[in-house]
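The values are calculated or read from the model by the stated rules, or taken from the named source; none is laboratory data. The model shown is predicted, which means the values in this text are computed figures rather than measured ones. Every residue, glycine as well, gets a Cβ built from its backbone with ideal geometry; the counts of neighbours run over all protein chains shown. Ligands, DNA and RNA are stripped out before the accessible areas are found, and what is left, the full protein with its side chains, is counted by its heavy atoms. Shrake-Rupley method; radii C 1.70, N 1.55, O 1.52, S 1.80 Å.
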Amino acid sequence: MQPIRGRCHKFGDDIDTDVIIPARYLNTTDPQELAKHCMEDADPAFPAKVKPGDIIIAGKNFGCGSSREHAPLAIKGAGVAAVVASSFARIFYRNAINIGLPIFEAPGLAEASEPGDEIVIYPEEGVITNLTRNLTFRTAPFPPFMQGIMAAGGLIPYVAKKLKGEV
Amino acid sequence: MGMTVTEKILAFHAGLKEVEPGQLINARIDLALANDITAPLAIKEFRRLGVTKVFDPQRVVLVPDHFTPNKDIKSAEQAKLVREFAREQGVIYYEIGRMGIEHCLLPEEGLVGPGDLIVGADSHTCTYGALGAFATGVGSTDLACAMATGECWFKVPETILLRYYGKLRPWVGGKDLILYTIGDLGVDGALYKALEFTGEAIAELSMDGRFTMANMAVEAGAKNGIFPVDEKTLEYIRGRVKRPYQVYTSDADARYSEIREYDASRIEPQVAFPHLPENTRNISEVGDIKIDQVVIGSCTNGRMEDLRVAAKILRGKKVHPEVRLIIIPGTQKIYAQALEEGLISVFIEAGAAVSTPTCGPCLGGHMGILARGERAVATTNRNFVGRMGHPESEVYLAGPAVAAASAIKGRIAAPEEVL
């Protein structure tokens, strides 16, 4: 997996999936449509200011609440390259890996960073650096099984290969 | 080393003699569930897999309950897509007028039993832990693969053992116990873990009360919540569950990451303040909070016992002139039973709106959306920012007794204040 470099948007603890994509927009599954309302109940300006390649950083328990996969899809649809949080709620964690949205656990990064800081993630080395502040954090590498899912491009291509006996 | 009930169910379904926390396993599932919001995405992903048939039509359940009866054209299109897929695949499907809120409906229909491994594309799938099943929420892509292969991958969770002793106070129910517990654990206190509910207060609790508690395990971040199977469980499933089931119990030397004990006799009715379920307070410490709306229903508290408690408080009383009270029975059968017991008349005479089963207002879908600055007391499960409508509205979570009392007083109130 290639290093990911981008400007960050910062959020706090316990960002729930209702805030990531409010239920009033769940009458569609189109990532581009969902992206128009991504994070708007936490920061109404987010959909307008987020740029492709940006990185979301946040505190603990990111993605708690509803199982809606529309949440990571909205983030991915908005062009966000990765999410780094102190911890993730478990369904969001699975969903992000399954749809191929890179996510990383790095306690302390969000607290030490400010919006607009430049962040670089080295997935294979398990290192995340805030280039603006010259601070480095560790992130645990994914277990080989999850790396397999991500290498295949998500759970669907992974299971499709498995069904054909290619894995 | 002994195993917990959660570990035993996972081991059995993975075809292993034993498993331990942290282990990644591939397990056979007994049932896969989705609703009108999560199924359309799951169906889209299912088609991408290149398979034509679900693994077993009798083990896939689709329930249109979130934006139904449909609130707008887009949600009608989504529901139509789910309906057509259900017909094409011959899976278990409940139409409007015969359906219910999924987590009230599936146990009632006998589709889940002790020892089952259930995945659902809905975070409150953990409700079925009340029956001694391992049940957990997943996303639509996981569900698509589960529908295709009948399998799902899991990381075996550590288990937190919760023990409740003592006798419950009047008007205290499963909702108060679980809110109190979430207040203690925090919204991520059980992240990636299993919660095992035990103790004499749990044994005394009705099945409806246990469903309420298991339902909100996810609000502490838990993967699943699970209850011991006892006479009450067996009585509940008798005549309902048609598939063979297996009762598992935790070994005496099972490993737990943590054990917490609660004196249930000291727990008052609870209210969770905005905007997290962990912001709990005793009803005696709530203060003067004026409200605009009360919702009694949802997969958390839309069952018979909840409606009976609400009716006991509302009988012969009137809803406060400045409050809208919305009552939503969880299933058509619960609705019919409430009608037969005269509860619906009590609600209507009190000035409540009674609705057909729907998740509606709980997730800010329809049937009771809040305007800017409005406050609601709800027997639902989440009080996040914007959960029931405008991002500047507020939801206070409580059990049906506090909700009904609050509807009468026009502010958050204890049941004793109106009786």
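For the structure I just gave you, tell me whether residue B:340 is surrounded by fewer than 24 Cβ atoms within 10 Å (Cβ to Cβ), under 21 Å from the mean Cα position of the chain (by Cα) and not assigned by TED's automatic domain parsing to the domain that holds residue B:105. No. Every condition in (1) closer than 21 Å to residue A:20 by Cα; (2) open to solvent by less than 30 Å² (accessible area, probe 1.4 Å); (3) more than 14 Å from chain B (Cβ to nearest Cβ) holds for residue A:127 except the one numbered (1). Report, by residue number, each residue of region B:57-80 that is open to solvent by less than 40 Å² (accessible area, probe 1.4 Å), assigned to a helix (DSSP H, G or I) and either of a type in the set (Ser, Thr, Tyr) or more than 14 Å from chain A (Cβ to nearest Cβ) (or both). Listed by number, the list holds a single entry, B:75. Please tell me if residue B:368 is buried (at least 21 other Cβ atoms within 10 Å of the Cβ), within 14 Å of chain A (Cβ to nearest Cβ) and without any contact (Cβ under 8 Å) to a residue 60 or more places away in the chain. Answer is no for this residue.
Looking across region A:1-18, the residues that are closer than 18 Å to residue A:110 by Cα and either open to solvent by 60 Å² or more (accessible area, probe 1.4 Å) or in a helix (DSSP H, G or I) (or both) come down to A:5, A:7, A:10, A:13. Just one residue in the set B:258, B:268, B:278 is touching a residue at least 12 places away in the same chain (Cβ under 8 Å) and over 23 Å from the mean Cα position of the chain (by Cα); that residue is B:258.
Condition check ((1) hydroxyl-bearing (Ser, Thr, Tyr); (2) within 30 Å of residue B:109 (Cβ to Cβ); (3) touching a Leu at 6+ places or on another chain (Cβ under 9 Å)) across all residues:
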site	(1), (2), (3)
B:197	no, yes, yes
B:207	no, yes, yes
B:241	no, yes, yes
B:273	no, no, yes
B:276	no, no, no
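Being of a type in the set (Lys, Arg) and touching a helix residue (DSSP H, G or I) at 6+ places or on another chain (Cβ under 6 Å) holds for only one residue in B:411, B:387, B:375, B:324, and it is B:387. When we screen B:151, B:200 for residues that are charged (D, E, K, R) and closer than 15 Å to residue B:118 by Cα, the only hit is B:151.
Could you pull out the residue among B:47, B:87, B:83 that is outside any loop (DSSP other than H, G, I, E, B), at negative phi and in contact with a Pro (Cβ under 9 Å, 6 or more places away or on another chain)?
B:83
The set of residues in region B:107-135 being within 14 Å of another protein chain (Cβ to nearest Cβ) and under 11 Å from the mean Cα position of the chain (by Cα) consists of B:122, B:123, B:124, B:125, B:126, B:127.
Conditions tested, residue by residue: (1) away from chain B (no Cβ under 14 Å); (2) surrounded by 15 or more Cβ atoms within 10 Å (Cβ to Cβ); (3) under 15 Å from the mean Cα position of the chain (by Cα).
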{"residue": "A:100", "(1), (2), (3)": "no, yes, yes"}
{"residue": "A:104", "(1), (2), (3)": "yes, yes, yes"}
{"residue": "A:108", "(1), (2), (3)": "yes, no, no"}
{"residue": "A:121", "(1), (2), (3)": "yes, yes, yes"}
{"residue": "A:131", "(1), (2), (3)": "yes, no, no"}
{"residue": "A:137", "(1), (2), (3)": "yes, yes, no"}
{"residue": "A:142", "(1), (2), (3)": "no, yes, yes"}
{"residue": "A:150", "(1), (2), (3)": "no, yes, yes"}
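In the set (1) more than 14 Å from chain A (Cβ to nearest Cβ); (2) more than 24 Å from residue B:310 (Cα to Cα), residue B:181 fails one condition alone, (2). Within region A:33-52, none of the residues are in contact with a Ser or Thr (Cβ under 8 Å, 6 or more places away or on another chain), closer than 25 Å to residue A:113 by Cβ and open to solvent by 20 Å² or more (accessible area, probe 1.4 Å).
Tell me yes or no: at least one residue of region B:84-106 is within 18 Å of residue B:332 (Cβ to Cβ), modelled with pLDDT of 95 or more, open to solvent by less than 10 Å² (accessible area, probe 1.4 Å) and within 14 Å of another protein chain (Cβ to nearest Cβ). Yes, the conditions are met somewhere in region B:84-106. Residues in region A:153-167 that are touching a residue at least 40 places away in the same chain (Cβ under 8 Å) and more than 8 Å from chain B (Cβ to nearest Cβ): A:153 alone.
Give region B:150-172 a look and list any residue that's more than 14 Å from chain A (Cβ to nearest Cβ) and farther than 30 Å from residue A:13 by Cα, or say none. Hits for region B:150-172 are B:165, B:166, B:167, B:168, B:169, B:170, B:171, B:172. Among helices (runs of 4 or more DSSP H) entirely within region B:310-419, having at least 1 residues that are at pLDDT 95 or above and within 11 Å of residue B:295 (Cα to Cα) singles out B:400-409.
Assess whether residue B:151 counts as being under 23 Å from residue A:94 (Cβ atoms) and open to solvent by 10 Å² or more (accessible area, probe 1.4 Å). So residue B:151 passes the test.
Which residue out of B:377, B:395, B:385 is closer than 28 Å to residue B:268 by Cα and more than 14 Å from chain A (Cβ to nearest Cβ)?
Sole residue among the options that is closer than 28 Å to residue B:268 by Cα and more than 14 Å from chain A (Cβ to nearest Cβ): B:377.
Scanning for something open to solvent by 10 Å² or more (accessible area, probe 1.4 Å), within 23 Å of residue B:244 (Cα to Cα) and in a strand (DSSP E or B), does region B:25-34 turn up at least one residue? Yes, because at least one residue in region B:25-34 is open to solvent by 10 Å² or more (accessible area, probe 1.4 Å), within 23 Å of residue B:244 (Cα to Cα) and in a strand (DSSP E or B). Checked against the criterion of being under 18 Å from residue B:168 (Cβ atoms) and either at pLDDT 95 or above or buried (at least 17 other Cβ atoms within 10 Å of the Cβ) (or both), region B:237-257 has no qualifying residue. Considering region B:171-192, and only residues there that are in contact with a Pro (Cβ under 8 Å, 6 or more places away or on another chain) and part of a loop (DSSP other than H, G, I, E, B), the residue that is nearest to residue B:205 (Cα to Cα) turns out to be B:173. Total residues in region B:190-230 satisfying the condition of being in contact (Cβ under 8 Å) with a residue 60 or more places away in the chain, within 14 Å of another protein chain (Cβ to nearest Cβ) and open to solvent by 10 Å² or more (accessible area, probe 1.4 Å): the figure is 3.
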